[in-house]
Each structure stands twice: as structure tokens, then as C-alpha cells.
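Chemist: Below you will find the structure I want to go over with you.
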Amino acid sequence: MTVVGPFGLSVRDQALEADVQAGLAAVEEGLLDATKSEVPFITDAARHLVRAGGKRFRPLLVMLASQFGDPHAPGIVPSAVVVELTHLATLYHDDVMDEADVRRGVASANARWGNSVAVLTGDFLFARASHILADLGLEAVRVQAEAFERLVTGQILETSGPRDGRDPVDHYLDVIAGKTGSLVAVSGRFGAIMAGADESVVDILTQYGERLGIAFQLADDLLDISSEGHESGKTPGTDLREGIPTLPVLHLRAQAAAHGRPGDVELCELLDGDLTDDARLTEVLRRMREHPALEQARRDTVRYAQEARDTLAPLPECYAKSALEELCDTVVHRAG
């Protein structure tokens, strides 16, 4: 049993291990090639997050999904580069919107070069992804365009907030289905399409990716509160400090509104206060870690991961299917 990739997936078959390792190595080369510009400064900015590492979660899913067809088909690695470039581009933009200082354990691009450079670098990555995509065919372009529309819609919904009368938890799940689930779903879809898998398999792996992507984001929500920083690559409480309404906070607010318990109301008031104060943030983190809302969010994470696993049931038993099932377990493990 060998651990493959930064995400720490264990693979029990030498042939699968070789395919995945070779694919991920080719993706790294593709990312470096795609982020090279004739202007050295642009290359430096575009490679900033590539060099910082990352789990390469989406390219890994492309590689595993391709095992249900021809895993050596020529479009597989380029499509994995497309989804990772798209993901990286969104991180540049997200950090500007969130005014983040740290990403993947290093200074964010906006902290290093300013907001304008960060936004334009994200645009540069989108352009490079589109250039690669143009060689993968009209269907690939359509799939990516639809996913990108969902991704942007999710971001807009997050920015605008829930409409009057809408359950904030339901709204938030819609947001992350768009912002995160859509691109993870495309990863499964691209891997299967490029490998020439049957349409039913493509649909299964797309649905799997959507649910796994939601679970992955919910696990990140939990890590923002429960981690000590090394798991997530960012300072614990960053989302809390920036006022991002993650699932544990939404569950807390729902409980405070429904039951009016003094401790819940007080914690909500602390969350609404000035969390730039380190002592106040530390107190909020301590209380959130002890609150039932965190466990409720953890159960939601497990549920989505289980739904992803259940989606795989019709697929034939093979090492690739086992690896996809293990990804569900890995996501849950990240959630604590």
C-alpha cells in the first residue's frame, strides 16, 4: 500500500499507483508550463500558488476517474491542468475578496503584490486554462463554461446573502455546491469523458464529485475552527475573523434563534464583535470547539461524504473505485 500525492491517498495496486503518480507529475509540469509568461514578473506571480503546493485534489480525481476508460488517453492530463488552473485562479480572487493574508502557508498574492496584481493574475490563469481547453473539444468547453457559471453564481450568492425567508443553511449549501462542488464535479466528469467512459459512468462520477466537493468544503469549515493551523495552511479562525458564515456558525445562530439559550446568544454576540482582537478570537474559537454546533456540522460533512460513496455503488469493483471510496474517508478524517 503506497501513499500517492499530497492528499495522502493510499493505493493498493501497483498499476494504478503508477498511472496516478505519472499523471500527477505530468500535471505539475503542465502547471509550470501554463504559468510561464514572457514577462518574468507575471511568471513569478502566476506560479506563486503553484509553488506553494496544495493537495492537487482535483487533478487526483481526474486521474482516478480516467481509470474507468483509457487512463492513458491524451486529453486526461490537459483537462486536469485546466481544472487546477481554474481552481488556483479562484483562490487569487477569493483572497482579494476576503482580504486574506495567508494562503497555503505563504503570503497571499494580494498581501505580497496588492489587489490589482492578484486579480489580474487570476485572470491570466483563467486565460491560460481556456487556451488549453480549446484543444480538448467543444464538449469540454461547454462543460467548463457551465461549471464556471455555477462557480461564479455561488460566489455571487455568497456575497449577496440569503433572500428574505430563505434558510441560511440551505442558502450556504447552495453556495458551496456552486463555489466548490461544481469544479470537483467537473474533475470527475473530465476524467471519465477524456478516457472515453460510458455516459452512465460519466454521470456517476460527476454526481460523486459534486457531493465530495461539498463534503471537502464543509471539512475546511471545520478545520478553520478545530485545527491548529498546519492542516489547513491558514491561521485558525480566519473565516470567523472575516465574518464568513461557515456551517458551524450558521448552526450556532439557528440554535440561538430557536432556543435563546444565554450562552448561545452571548457567543453570537462575540462573533459579531471585533475579532481582530486576538484574545477575543481565541475565546470564540475555544467556545466554538466546545459547542454542539461544531458536531452538527461534522455530521453534515459525514453525510455528504457518505452520499458520495453511495453514488459509486453501480460502478464495477476495482482498485480505482476503492480509491474513490477512500477519498470519502479521507475527507471525513480531515473533518476530525
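The values are calculated or read from the model by the stated rules, or taken from the named source; none is laboratory data. Here the structure is a predicted model, which is why all the values come from computation and not from measurement. Cβ sites come from the backbone with ideal geometry, for glycine too, and all protein chains shown count toward neighbours. Keep in mind that these areas ignore ligands, DNA and RNA; they rest on the heavy atoms of the full protein, side chains included. Shrake-Rupley method; radii C 1.70, N 1.55, O 1.52, S 1.80 Å.
Chemist: Only one of these conditions is not met by Asp224: (1) within 28 Å of Arg286 (Cα to Cα); (2) in contact (Cβ under 8 Å) with a residue 40 or more places away in the chain. Which number is it?
Modeler: Against the list (1) within 28 Å of Arg286 (Cα to Cα); (2) in contact (Cβ under 8 Å) with a residue 40 or more places away in the chain, Asp224 comes up short only on (2).
Chemist: Can I ask one more? Exactly one condition in (1) within 21 Å of Asp174 (Cβ to Cβ); (2) modelled with pLDDT of 95 or more; (3) charged (D, E, K, R) is false for Asp220; which is it?
Modeler: (2)
Chemist: In addition: Considering only residues that are basic (Lys, Arg) and at pLDDT below 95, which ones fall in segment 298-336?
Modeler: Arg334
Chemist: I would also like to ask the following. Just for helices (runs of 4 or more DSSP H) wholly inside segment 267-336: which have at least 2 residues that are closer than 25 Å to Ala257 by Cα? Break it down into steps so the answer makes sense when it comes.
Modeler: Values: elements: 278-290, 292-311, 319-334.
Result: 278-290, 292-311.
Chemist: Is it the case, given these coordinates, that Glu210 is buried (at least 21 other Cβ atoms within 10 Å of the Cβ), among the acidic types (Asp, Glu) and at pLDDT 95 or above? Step through it out loud before you land on a result.
Modeler: Details: buried (at least 21 other Cβ atoms within 10 Å of the Cβ): yes; among the acidic types (Asp, Glu): yes; at pLDDT 95 or above: yes.
When the stated conditions are applied, Glu210 passes them.
Chemist: Output the residues belonging to segment 194-207 that are open to solvent by 40 Å² or more (accessible area, probe 1.4 Å) and in a helix (DSSP H, G or I). Can you show your working first?
Modeler: Step one: of segment 194-207, the residues open to solvent by 40 Å² or more (accessible area, probe 1.4 Å) are 196, 198-200, 203, 207.
If the condition is that a residue be open to solvent by 40 Å² or more (accessible area, probe 1.4 Å) and in a helix (DSSP H, G or I), then Glu199, Ser200, Asp203, Gln207 are the ones that fit.
Chemist: For a quick check of your reading of the model, give me the residue pairs whose first member lies in segment 282-305 and is touching a residue at least 40 places away in the same chain (Cβ under 8 Å) and under 18 Å from Thr238 (Cα atoms), whose second is open to solvent by 40 Å² or more (accessible area, probe 1.4 Å) and not in a helix (DSSP H, G or I), with beta-carbon atoms closer than 9 Å and at least 6 apart or on different chains.
Modeler: Cβ pairs passing all conditions: Leu294/Gly336.
Chemist: Could you go through segment 156-163 and let me know if any residue there is touching a residue at least 12 places away in the same chain (Cβ under 8 Å), touching a Gly at 6+ places or on another chain (Cβ under 8 Å) and surrounded by fewer than 23 Cβ atoms within 10 Å (Cβ to Cβ).
Modeler: Yes, segment 156-163 contains a residue that is touching a residue at least 12 places away in the same chain (Cβ under 8 Å), touching a Gly at 6+ places or on another chain (Cβ under 8 Å) and surrounded by fewer than 23 Cβ atoms within 10 Å (Cβ to Cβ).
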